[in-house]
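Enquirer: One structure coming up, written as structure tokens, with questions to follow.
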Number of protein chains: 2
Amino acid sequence: MQALDALDYKILEVLQVNNMTSQRDIGDQIGLSAPAVQRRIVRLREMGAIRADIAVLNPEYLGSPITIVVQVEMEADKVALINKTKEKFKQTPQVQQCYYVTGEVDFILIILVHTMKEYEMLTHELFFNNPNVKRFKSSISMDMVKVGLTVPIP
Amino acid sequence: MQALDALDYKILEVLQVNNMTSQRDIGDQIGLSAPAVQRRIVRLREMGAIRADIAVLNPEYLGSPITIVVQVEMEADKVALINKTKEKFKQTPQVQQCYYVTGEVDFILIILVHTMKEYEMLTHELFFNNPNVKRFKSSISMDMVKVGLTVPIP
DNA sequence: GCTTGTTTTGCAATTTTATTTCATTTCTGT
DNA sequence: ACAGAAATGAAATAAAATTGCAAAACAAGC
């Protein structure tokens, strides 16, 4: 994992807000030619500093899915079981995000469903049918005050 | 807010995974010409179905920020105070995400900081100095099992 | 069920952007 | 200071996005 320099950081800072910015524009902003910017971006992708390039969609236009924050407490902390559960969460399309955390609960999930019926079925699939889940608590999101994946840049 | 058709959904499905996919590729996949795809994408952006186009960065390369999930319980549910608090969270760069939720707690935050010292200072700024915050609970993320903004498409 | 007006489409042409080539410059380590 | 490696800019090329326009698909009214 090679280190990044100040110019790389500036490029990332621009791209994580708008990855449609042209290389010429970026070059002008940071004092490099377009090809130099291009080569750096290729390298940043190859090394994995840029993990993906995505369009952020507005849920309003997609049947207004319901966002639910779920806290999951596990029965046992056996690594094998934890990993199996992680894998299950990862592969469930409705699970938008999953964090394995310290503290009273073990997982915090951000789940998106189109109906509460769908959520009800999902809870069976993910929690009731998993004997290692001790309990879970759901909080319905009334307002997605801030949503993003922006990482603060040093 | 005008409705989307099946082709729009297919385009969004592709773009929310990889917005660098060329219009020709998308066209081939869904049976449209590149210009037709182009015009639909422009429209989807204008109407706000596509909210942003971003690069997803790998925190590993950015000084390995610590991800913390915070549950915040408010003192009073006065709308004016809630809105002020929302605004504060929204404007704090370390707050990557903020959900206003039903249930025992009022807010769930995803926070990224570079050091625990930074977090300690942030808790003062956001929580201790806000008289309407009754209590808050922090969970450190040990594994970002799944991270994304993907919305399930109908 | 036909006609008219509107919208959407595909093709071709144009423009813009990304990528490659290559000589030169800048860095690095000795 | 010097050799080797890496990064750069200018120019050329390739690829992609965008535009103009005629034809096709669609919808509403008669």
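Each reported figure results from applying straightforward, stated rules to the coordinates on display, with no laboratory input. Since this is a predicted model, take the numbers as computed values, not measurements. Ideal geometry is used to build each Cβ from the backbone, glycine not excepted, and the neighbour counts take in all protein chains shown.
Enquirer: When you look at the Cβ of every residue in A:87-99, what mean number of other chain Cβ atoms sits within 10 Å?
Expert: Across A:87-99, the average partner-chain Cβ count within 10 Å equals 4.
Enquirer: In addition: GNM, chain A, Cα, under 10 Å: largest mean-square fluctuation among A:Gln94, A:Gln23, A:Gln71?
Expert: Maximum fluctuation in the GNM of chain A, among the listed residues, is at A:Gln23.
Enquirer: Provide A:Thr102, B:Thr85, B:Thr150 in ascending order of the number of other Cβ atoms located within 10 Å of each residue's Cβ, fewest first.
Expert: In increasing order of surrounding Cβ atoms, one gets A:Thr102, B:Thr150, B:Thr85.
Enquirer: Counting only other chains, and only Cβ atoms inside 10 Å, what mean value do you get across the residues of B:73-80?
Expert: So the per-residue partner count for this stretch is 0.
Enquirer: May I pose another question? Going Cα to Cα from B:Lys10, which aspartates and glutamates come in below 18 Å? Please leave out same-chain ones fewer than 8 positions away.
Expert: Within the straight-line cut-off, B:Lys10 pairs with A:Asp53, A:Glu60, B:Asp25, B:Asp28, B:Glu46, B:Asp53.
Enquirer: Where the centre of each part is set by its Cα atoms, how far does region B:7-70 sit from region B:116-142, in angstrom?
Expert: Their Cα centres are 34 Å away from one another.
Enquirer: Classify region B:34-93 from the C-alpha gyration tensor, please: rounded if a/c falls under 1.5, else prolate or oblate depending on whether a/b exceeds b/c.
Expert: oblate
Enquirer: May I ask for the angle, rounded to the nearest 10°, between helix A:79-91 and the longest principal axis of chain A, with both axes built from Cα atoms and the value confined to 0 to 90°?
Expert: Compared with the principal axis, the helix lies near 70 degrees.
Enquirer: Report the trypsin sites (Lys or Arg not before Pro) located in region A:33-113 that are in a DSSP loop and have at most 16 other Cβ atoms inside 10 Å of their Cβ, or state none.
Expert: Within region A:33-113, the qualifying trypsin sites (Lys or Arg not before Pro) (loop, at most 16 other Cβ atoms within 10 Å) are A:Lys78.
Enquirer: Under 23 Å between alpha carbons, and skipping anything fewer than 8 positions from A:Lys134 in its own chain: which lysines qualify?
Expert: Counting by Cα, and skipping residues close in sequence, A:Lys134 has these lysines nearby: A:Lys78, A:Lys84, A:Lys86, A:Lys88, A:Lys90, A:Lys117, B:Lys137, B:Lys146.
Enquirer: May I pose another question? Once phi is turned into θ = phi - 60°, what whole-Hz ³J(HN,Hα) does the Karplus curve with 6.51, -1.76 and 1.60 give for every residue of region A:146-154, x standing for Gly and Pro?
Expert: 8, 9, x, 10, 5, 10, x, 9, x
Enquirer: Hey, another quick one. I'd like the Karplus ³J(HN,Hα) series for region A:117-125: coefficients 6.51, -1.76, 1.60, θ = phi - 60°, whole numbers in Hz, and an x wherever there's a Gly or Pro.
Expert: 4, 4, 5, 4, 5, 5, 4, 5, 5
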